[in-house]
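Notes for the one structure printed next.
The values are calculated or read from the model by the stated rules, or taken from the named source; none is laboratory data. Remember, predicted model here, so these are calculated numbers, not experimental data. Counting neighbours? That spans all protein chains shown, and the Cβs are built from the backbone with ideal geometry, glycine included.
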Amino acid sequence: MSLEALSLNIQQGNLQDNVGWIFQAIWLLAFIIIWIYGQRIQTILMLKEIEGSLYRLKAMRDRGRQIAISTIREIGKPSEDPTPRVDRLLEHVDIEPVGLDPTGIIRRLEHIISVREFKLKDEVRRMAPQADEVQLNNLTNVLEVALALNQIYKVVRHYYLMGKKTLSFYIILQIQMLLPLIMKESEAFVNALRAFTLGQPIGDGVGALVAARLMYGREKRLIAHDTVVSEVDIDGRKAYVIKAKGPGGNVGKPGEAIKQILEEKEGRVALIIIVDAAQKLEGERSGEVVEGVGAAIGGPGVDKYKVEEVAAKYNVPLSAILIKEDVDDVISTMRKEIIDGVEEAINRIKRLIHENTKEGDTVIIAGVGNTIGIAQ
Amino acid sequence: MVMIMEGEKETRRTPILLTVVILAMLIMSLIALFIAIRSSLTRRTIEIEADIVNIILSVSALSLSVYLLLQMRRRTMALGLDKTRVVTVIKCASCGYGSTREFEKGDYVLREVGQCPRCNGTLLIHSIFRESKQEGKKEKF
Ligand SMILES: [Zn+2]
């Protein structure tokens, strides 16, 4: 080995040693920083994550607002610019009735809901004078979605700014934990915008679709606000089939309708069957049909209360048929699997009626849900 | 209306901090790899094991950062909203005739859309649905 090579070797060894020292120092420093500032760093990273989602939520909110405005312009042909009115509606708040004295709370809640519905529709009618009844209902739904997106954005922004101001790990943690669910729901709302502007049936309408299939071709009459009923013969039994009036976006008043029929018949009804969409758990199949008992009506609880009340009064059994679907699918365009569930649900209804009632009995079948894109 | 159909691109931000960290990691591991290889080539005596360890470490750091970069790219791609086809199924009320077409504005279930070419009965919209994207995906549970 030459002298030259040896000196090179030594130099390189020295270099390696120095590099090793530097690396050790860096490691030690990093360790200390993480040890002391770990939570602070995590907090900042979480804030960054929330910020990213907030950008997306803002984009979704803006998209909702823009779609609402452009659809109103296109369908309603308003004489003035609808933008300020839409902006005002997006900030709309509902104040729940007081729960401290719960007597009659359902009645009060119902009042508030119907006032809200009336007011919203009235505003839409003002903005879109050229829209027909169906378009009016669909536009109202579009506005509801835009409103929901706006509320979600504002709540997340509130927690983000609050977290940024206080740098409190726990305030930020709260919103960060919920963020995946919030984003999922918001994305569902954005998909709902498309379904509502085009008037496509949504997953929630599966109950209405079942009712529509049963009542097709029969005579219908209006029984409650935006709710139709039709008398259908099933297996020798007389069935009153109820659904919201389509094809505009509408949920009707199924509770009121069931109550009306029961009062009309003075309780001589053998069975009430309610068909509705239900949220599936992760891992369950979309479009799976399950049975149960009770009033399967979602929403704020007014209709559910009415059905339970009147069914208990006349001692009529309540059956539920549920079609399972994902949260994303509830307000976006109906999926193929869910339509396959409709046939199955109809078979189940027939079986339930056949097994639990006699010929000549009267039954009530209510298809619950938003009937957008589904006539009768 | 047009805006909804084509306006599916979101305002998307790349996480700058994360990208910078990963890129720094990538460069550092490249340099480390280079140094390790060079020293193992020039040095002909002992301590070859140390060089091998260095090479292994830098290669694994390299692959980790490349993996992270790929992962990030894939995630930003998956963020976009799904574009799906909506289908209208038309069936004859009297005979079994049926056909499908793309959803058109104004379609709704049970809408009458003309006469059956086979039996002159009324054609109805039987169903409207969105085609699922994850078909044939087997779940473990
Ligand atoms: Zn035909």
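The table that follows gives values for the structure above.
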read-out: Options A:Leu178, A:Leu143; residue that is crowded, with 23+ Cβ neighbours inside 10 Å, farther than 30 Å from A:Asp233 by Cα and outside the structural domain of A:Lys350 (by TED's automatic domain parsing); value: A:Leu143
read-out: Residues that are of a type in the set (Ser, Thr, Tyr) and modelled with pLDDT of 90 or more, drawn from the range A:63-99; value: A:Ser70, A:Thr71, A:Thr83
read-out: Odd one out for A:Leu161, checked against (1) farther than 20 Å from A:Gly64 by Cα; (2) touching a helix residue (DSSP H, G or I) at 6+ places or on another chain (Cβ under 9 Å); (3) of a type in the set (A, V, I, L, M, F, W, C); value: (2)
read-out: Residue identified as under 18 Å from the mean Cα position of the chain (by Cα) and assigned by TED's automatic domain parsing to the domain that holds A:Ala208 among A:Gly299, A:Gly294; value: A:Gly299
read-out: Residue among A:Tyr153, A:Tyr170 that alone is in contact with a Lys or Arg (Cβ under 6 Å, 6 or more places away or on another chain) and under 22 Å from A:Glu51 (Cβ atoms); value: A:Tyr153
read-out: Residue under evaluation A:Asp328, criteria (1) closer than 19 Å to A:Lys243 by Cα; (2) of a type in the set (Asp, Glu); (3) touching a residue at least 12 places away in the same chain (Cβ under 8 Å), criterion not met; value: (1)
read-out: Single unsatisfied condition, A:Arg285 versus (1) within 14 Å of chain B (Cβ to nearest Cβ); (2) surrounded by fewer than 22 Cβ atoms within 10 Å (Cβ to Cβ); (3) under 18 Å from A:Leu209 (Cα atoms); value: (3)
read-out: Some residue of the range A:52-67 being under 23 Å from A:Ile152 (Cα atoms), among the hydroxyl-bearing types (Ser, Thr, Tyr) and within 10 Å of another protein chain (Cβ to nearest Cβ); value: yes
read-out: Criterion violated by A:Ala131 - all others in (1) in contact with a helix residue (DSSP H, G or I) (Cβ under 8 Å, 6 or more places away or on another chain); (2) small (Gly, Ala, Ser); (3) in a loop (DSSP other than H, G, I, E, B); (4) more than 14 Å from chain B (Cβ to nearest Cβ) satisfied; value: (4)
read-out: Enumeration of residues in the range A:276-306 that are among the polar types (S, T, N, Q) and farther than 17 Å from A:Glu343 by Cβ; value: A:Gln279
read-out: Filter pass, A:Ile323 being crowded, with 20+ Cβ neighbours inside 10 Å, within 21 Å of A:Ala295 (Cβ to Cβ), among the β-branched types (Val, Ile, Thr) and more than 14 Å from every other protein chain (Cβ to nearest Cβ); value: no
read-out: Residues that are over 18 Å from B:Val86 (Cβ atoms) and surrounded by fewer than 24 Cβ atoms within 10 Å (Cβ to Cβ), drawn from the range A:194-216; value: A:Arg213, A:Leu214, A:Tyr216
read-out: The range B:86-137, residues that are at the interface with chain A (Cβ under 10 Å from one of its Cβ atoms), away from the ligand (no atom under 16 Å from the Cβ) and acidic (Asp, Glu); value: B:Glu104, B:Asp107, B:Glu131, B:Glu135
read-out: Helices (runs of 4 or more DSSP H) wholly inside the range B:1-94 that include at least 2 residues being out of contact with any Gly (no Cβ under 7 Å at 6 or more places or on another chain), modelled with pLDDT under 85 and among the charged types (D, E, K, R); value: B:48-78
